[in-house]
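Scroll down for the structure; my scribbles are underneath it.
The values are calculated or read from the model by the stated rules, or taken from the named source; none is laboratory data. Remember, it's a predicted structure, so these values are computed and weren't measured experimentally. Here the Cβ positions follow ideal geometry from the backbone for every residue, glycine too, while neighbour counts run over all protein chains shown. Surface accessibility is based on the protein's heavy atoms, side chains included, excluding ligands, DNA and RNA. Shrake-Rupley method; radii C 1.70, N 1.55, O 1.52, S 1.80 Å.
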Amino acid sequence: MRRIIPAALLGVLSAAGGVAVGELLAAATRPPAGPLVAVGGAIIDATPTPVKEFAVRQLGTYDKPVLLGSIALVLALFAAGLGVLTVRRRGAGVAGAVLLGVAGAAAAVSRPSAGWFDAVPSLVAAAVAGGVLIAATTRSVQVAQEGKPFLVRVDRRAFLKTAAVIAGGTVAAGGAAGIVQRARGGALTESRAAIRLPAPADPAAPRPTGVGAGFMTRNADFYRVDTALTVPRIDPASWRLRLHGMVGRELSLSFTDLLDRPLIERDITLNCVSNEVGGPYIGTARWLGVPLAPLLREAGLDPTADQLVARSAEGMTIGTPVATLLDGRDAMLCVGMNGEPLPLDHGFPVRMLTPGLYGYAGSCKWLTELELTTFADFDAYWVRRGWAAQAPVKTASRIERPLPFAQLKPGPATVAGVAWAQGRGIKAVEVRVDDGPWRPAELLPVPSADTWVQWRLTWTPEPGPHTLAVRATDQTGARQTEARATPFPSGATGWHTITVTAS
Ligand SMILES: Nc1nc2c(c(=O)[nH]1)N[C@H]1C(S)=C(S)[C@@H](COP(=O)(O)O)O[C@H]1N2
Ligand SMILES: [Mo]
């Protein structure tokens, strides 16, 4: 048993060294082609929707590090086994390396927007790992006796030396990859910081007095939901947006072309279809951008085109009904968020935003392409995975204070939260205590129908446990349904309910 440990260790170290070299090569040339990221991205896209839902629910924003860690773990186990086999048969090392190299290369090349070159980092990683493993085992671990493959002899000194050399090389290559990544990130951060956003031609409505604290969500606190394992890094100087498909004439716009157009600025609430009742994937920001409808008209959109497909740098596709883009709502190509250029996490340099639709149906980040087509002709990324093609935001409300299971002191308590029905607006919010009557909450003022509404109510509880429920009514008079629905396939429904205890 002890005898397999050195060989297994050499397997793991060689694989780590190969991956480090592959990541360094990718960092210097095409970051998305890094072997770990490419495999991770392929796994995300291949993961069935229920599993993905489960992972997002259980892991939240840790889903990505957990995925990368799991890939590294599986790779390490495989490499350990390979190390042990390679001592017996050199061919095993070669075969294993070829297998991993081809798998990584296939994942990298099959990523949307990848070219043939994306195969190279994985193939180089595999070649390095395989070569190093064979050389290392040849030097330090041998089969002790012909015909007895499980009796090995370890040359302790040679083993320690070889292992140290590989570990050193791995740390050096990994460190260099990190330095290259940081340098690239630093350059991008600088060009982002250097952007001077023009003043909007059409500024946001002044926020009415009395808007409560917490109405706006700071960029650092704004939820992030996407499938990107690493945040796409796009240089605004070379960025172009192509508008094509069922149009009279194609448009190609640079970032400065966008900034030169009249900009609008709006406070808009964005939320994710994956949000559970009472969940956190919602926020309100002041967005600055180019209105989309005039651009579509300039391109001469074909009236039979009913879907606009947005594509992003890392290959997301998001389909939006053309009708919603032309109905007068403030759908836009955003360049600014809360007074600064878009943060990298939220789609820098340009994202789409369609008020009134869940993010997956109208708000593509890291935008590079807009194609006019039809719903009959194209299913976007999430639609292919069973989510609804038409995804208007459902009327919903959330209790934010008190927190679930809070212990309330005697006397009056404030019950407060938000309610939203972007596009329609909120007319009323009601709160129910236990089996009592629905009581109307006070609504704080809002700038438009496209933001959430803050509501509050003062309540003096009797001592003991209580259940609080909230429901909203939109401006069309439609009341939020009590019927529970899961986020899949078109957004959760049901009343947010919490339990508290008053003393
Ligand atoms: N390129 C890209 N755009 C995307 C996504 C994505 O995975 N990739 N996710 C969408 C989803 S599901 C939501 S809810 C919003 C979230 O935007 P935010 O991360 O800025 O809050 O982005 C949308 N745009
Ligand atoms: Mo989403």
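A few remarks follow.
- Accessible surface for the stretch 396-502, divided over its residues, is 47 Å² per residue with a 1.4 Å probe.
- Lys-Lys pairs in the chain that are eight or more residues apart or on separate chains and whose Cα atoms lie under 29 Å of each other come to 8.
- Helical segments meeting 24 Å axial Cα length and Kyte-Doolittle 0.5 threshold in the chain (DSSP H): 4-28, 63-88, 90-110, 119-140
- Restricting the stretch 378-410 to chymotrypsin sites (Phe, Trp or Tyr not before Pro) in coil, as DSSP defines it, with at most 14 other Cβ within 10 Å: 405
- Heavy-atom accessible area per residue - the stretch 174-263, 1.4 Å, Å²: 57 Å²
- The portion of the accessible surface of the stretch 396-502 made up by carbon and sulfur, rounded to a whole percent, is 55 (1.4 Å probe; DNA, RNA and ligands excluded).
- Over the chain: helical MRE at 222 nm, DSSP H runs n ≥ 4 each giving -39500 (n - 2.57), nearest 500: -11500 deg cm²/dmol
- DSSP beta bridge pairing in the stretch 396-502, given as percent antiparallel to the nearest 5: 95 percent
- Annotation note: GluC sites (Glu not before Pro) in the stretch 396-503 located in DSSP loop regions with a Cβ neighbour count of at most 13 within 10 Å are 482.
- The amide H of residue 331, built 1.01 Å from its N in the peptide plane, has 292 as neighbours under 5 Å, considering only residues 5 or more places off or on other chains.
- Peptides 226-233, 35-42, 100-107 ranked from most to least packed give 35-42, 100-107, 226-233, packing being the mean of other C-beta atoms within 10 angstrom over each peptide's residues.
- Backbone geometry of the stretch 246-256 corresponds, through the Karplus equation with coefficients 6.51, -1.76 and 1.60 at θ = phi - 60°, to 3J(HN,Hα) couplings of 7, 10, x, 9, 5, 10, 9, 10, 8, 4, 5 Hz, x marking Gly and Pro.
- For the pair residue 143 and residue 403 in one chain, pulling the backbone fully straight at 0.36 nm per residue adds 87.1 nm over the alpha carbon distance.
- Remark on residue 282: its backbone amide H falls under 5 Å from those of 223, a criterion applied only to residues 5 or more positions apart or on other chains, H modelled at 1.01 Å from N.
- Per-residue packing, averaged as other Cβ atoms within 10 Å, sorts the ranges 180-192, 342-354, 136-148, 203-215 into the order 342-354, 136-148, 180-192, 203-215, beginning with the highest.
- Paramagnetic reach from residue 158 (point 7 Å along Cα→Cβ, amide N under 16 Å) across the stretch 116-140: 132-140
- Fraction of accessible area attributable to carbon and sulfur, the stretch 219-385 (%, probe 1.4 Å): 50 percent
- Extension gain, residue 209 to residue 151, is 12.7 nm, computed as 0.36 nm per intervening residue step minus the present C-alpha separation.
- Taking 0.36 nm per residue of separation and subtracting the current Cα-Cα distance, fully stretching the chain between residue 235 and residue 58 would add 60.3 nm.
- The chain - percent relative contact order, Cα under 8 Å, separation 6 or more: 13 percent
- Gap separating the Cα centres of the stretch 202-221 and the stretch 33-102, nearest whole Å: 44 Å
- Solvent exposure of the stretch 75-157, expressed per residue, is 53 Å² of accessible area, with all protein chains present and a 1.4 angstrom probe.
- With a Förster radius of 30 Å applied to the C-beta separation of residue 191 and residue 47, the computed FRET efficiency comes to 0.30.
- The apolar share of the surface of the stretch 84-203, taken as the fraction of accessible area on carbon and sulfur atoms (1.4 Å probe, ligands and nucleic acids excluded), comes to 68 percent.
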